[in-house]
Amino acid sequence: MKLDYVRLLGANELIRKISDTTYWLCITRTVQESKLFPVPSYMLLSYLNAFYRWPELLRKVERVISAEECGDRAREASLKLNTVNAAWCLPAFYLLGRELLMALGLLRNDDAAEDVAYVMDFTRRFNLAYHRGDAHLTNKDFGDRSQLLPERTLQVFEADLFEVQPGDRLHTAATQLTSQLAQYSFLAHCECRIGIHNSGPYRFGDGRELLVRDWFDLAEGDYPWLDGIATGLPHNNLSIPVVLCGTHFHLVDDWGSFECEPAYSADNVVAVGLYTSDALTEGYQPVAMEDRDTLAATMERYRDIVKQATADLWKRIAGWSRDQMMDGGALVYSTVVKDFAHLAGIYDPAEWMCIDERAARFKPMLNDEYGRDALGELVGLLSVPTQQVNEYSMARTSNAAHHMMSALPYSVLAGGGFAPGAGPLQPGSSSLPPKTGAYTTSRGRLELAEYNRLAADFRPRAQAPEFRYLDDEWVKSHWRTPQADALYRLSQEHSRSLRGQGAGLRRADLARLKKP
């Protein structure tokens, strides 16, 4: 990507936005720590891995599928390319790796300028397409809201979700499954929250609001440590839309965390459903949504599978060395955007599931004490010399003269001796056992070559040229057209209540059409 003034202006604007947002997230959220995993140390290692590998991996993806098309795909369903992983982690982890190298005196602020500008440009294009419905770049820009879904998807949710009451079988099953998924996902992701996502809220009337809750990488798939774990679970990703009554979600931030008033309580959940999606699905695919008894029984069965998987995974991880825990955590963090490669049909574990030899050089110094203190300085205290700016500056949240992430100097436009990027991919390694199991997908358990082939050939029908640019603004004045009907029928194809209804429905119509 050719460097010019406009691109650098845009890159620096996004760097500052991510820097300000990340600082606010860090000081207003709980500390990331674990009694088992060396979390601060593996976070630092992951940032370095991201800096060295992501620019080339993203360029490889874009030879097949653009960042904005990835955003369009991610907006239509719950993929791991979401608010947390792609919209925030992508720029933040990469920039923190750059900042750490600068703090160590191994990188100047003009080095890797072309890489930095490219990663910021990729991020911007993905985010704008992903957030197309609310037309913001981040959740923070939208007052910490995450309203991604089009009307046609939300209508299906409202019509098909099952009403529940505290104490009934389905309410109990959904509550227990949600709790078990959270515990298991946290462990499967080396005791971090990257496998959990929340988006919304959406107004459902009568004091009701919808929150879409997602869990990713649950079964055999990309992570080698899940081979043989949760093999009875037929889905790698699960989404549970929940409707709460008398609860207002006033914050759904760029980490997928939420705050509401009153506090989230299962007793306020009045409707639930269950869906799956991945790189091979036409949006959200209902799971056991034929009737409430079938859904309750399925949720109970999944709860038991996930409960056993949690116990099995604890036993496996208990035998890991510290080096394996470091690699596992760093790989979870530095593969948050691996699903770009899945969308492109080019996923290669040799490229993603390894620690770059340039990042691995730093392992000897990343002991627990250094990891704790260095991470604290980098994202909390902002005391690293490279983070300081002139004494007249006042940062957005702290009012101090520092920024978490350094901008690019515009002097790079005049040339000079800076290195344009980190260079081609270098060899990598991992202390963990290699991947041997299959990949759990919406089309069954597949070998990687077949998964890549299917993904490379697949494009959702809603992303076909005749539909891709038909958003809710277009629908407002074209809802009577055959094209609008055809688009809505795509989302309704697997709906229990709305199949074949097409466009033109209002919320008042859904109660009449809703099937028990």
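What follows is calculated from the coordinates using simple rules that are stated; it is not laboratory data. Bear in mind the structure is a predicted one, so any value in this text is a computation, not a measurement. Ideal geometry is used to build each Cβ from the backbone, glycine not excepted, and the neighbour counts take in all protein chains shown.
Order these by the 10 Å Cβ neighbour count, fewest first: 290, 377, 351.
Going from least to most buried by this count: 290, 377, 351.
Please give the helix 482-492 orientation as an angle from the longest Cα principal axis of the chain, in degrees from 0 to 90, rounded to the nearest 10.
90
Sum up the charges of everything whose Cβ sits under 11 Å from the Cβ of residue 28, counting Lys and Arg as +1 and Asp and Glu as -1, but leave residue 28 out.
-2
Where the centroid of each part is defined by its Cα atoms, how far is region 188-267 from region 135-172 in Å?
11
Report the local net charge at residue 242: Lys and Arg +1, Asp and Glu -1, summed over other residues whose C-beta lies under 13 Å from its C-beta.
Net charge in that neighbourhood comes out at -3.
At 4 °C and 1.567 mPa s, what whole-number value in µm²/s does Stokes-Einstein give for the translational diffusion of region 23-137, with Rh from the Kirkwood sum over Cα pairs? Mind dumping the intermediate values first?
Numbers: Rh = 15.4 Å.
Result for D is 84 µm²/s.
Compute the signed sum of charges (Lys and Arg +1, Asp and Glu -1) over the other residues within less than 15 Å, Cβ to Cβ, of residue 316.
The answer is -3.
Please arrange 9, 210 by how many other C-beta atoms lie within 10 Å of their C-beta, fewest to most.
Exposure proxy ranking, most exposed first: 9, 210.
Return the tail of the calculated pair distribution for region 381-461, meaning the percent of Cα-Cα pairs more than 16 Å apart.
The answer is 76 percent, as a whole percent.
On a C-alpha basis, how far is the centre of region 65-89 from the centre of region 1-58 in Å? Whole number, if you could?
17
Arrange 312, 72, 373 by Cβ neighbour counts within 10 Å, fewest through most, would you? Please report the intermediate quantities before stating the final value.
Values: 312 15, 72 19, 373 12.
Ranked by crowding around the Cβ, least crowded first: 373, 312, 72.
Looking at region 13-74, which trypsin sites (Lys or Arg not before Pro) are in a loop (DSSP not H, G, I, E or B) and have at most 11 other Cβ atoms within 10 Å?
Qualifying residues, ordered by number: 35, 63.
Using Cα atoms only, what is the angle between the long axis of helix 151-160 and the major principal axis of the chain, expressed in degrees (0 to 90) to the nearest 10?
50
Provide Rg and Dmax in Å for region 185-234, with only Cα atoms included in the calculation.
Here Rg and the maximum Cα pair distance are 14.9, 46 Å.
Restricting attention to the alpha-carbon atoms of region 297-435, what are Rg (one decimal) and Dmax (integer), both in Å?
20.9, 66
Could you tell me how many degrees, from 0 to 90 and to the nearest 10, lie between the Cα long axis of helix 169-188 and the main elongation axis, the longest principal axis, of the Cα atoms of the chain?
Once rounded, the angle reads 20 degrees.
Quantify how much of the Cα-Cα distance distribution of region 121-195 extends past 16 Å, in percent.
70
What are the extents of the Cα atoms of region 217-291 along their three principal axes, in Å, largest first?
Per principal axis, max minus min of the Cα coordinates gives 41, 32, 23 Å.
Quick check: Cα centre of region 312-355 to Cα centre of region 441-516, how many Å?
Taking the Cα centre of each part, region 312-355 and region 441-516 sit 33 Å apart.
Tell me, in nm to one decimal, what length is gained between residue 392 and residue 165 on full extension, where the rule is 0.36 nm per residue of separation less the Cα-Cα distance?
The residue 392-residue 165 span can extend by a further 76.0 nm.
In Å, the Kirkwood hydrodynamic radius of the chain over pairs of distinct alpha carbons? Before the final figure, lay out each step's value.
Working: mean 1/r = 0.0422 Å⁻¹.
Result for the chain, one decimal place: 23.7 Å.
Across region 98-252, what fraction of all alpha-carbon pairs, as a whole percent, falls in each successive 5 Å bin from zero upward?
Calculated over all Cα pairs of region 98-252, the distribution is 1, 7, 12, 14, 15, 15, 14, 9, 5, 3, 2, 1, 0 percent.
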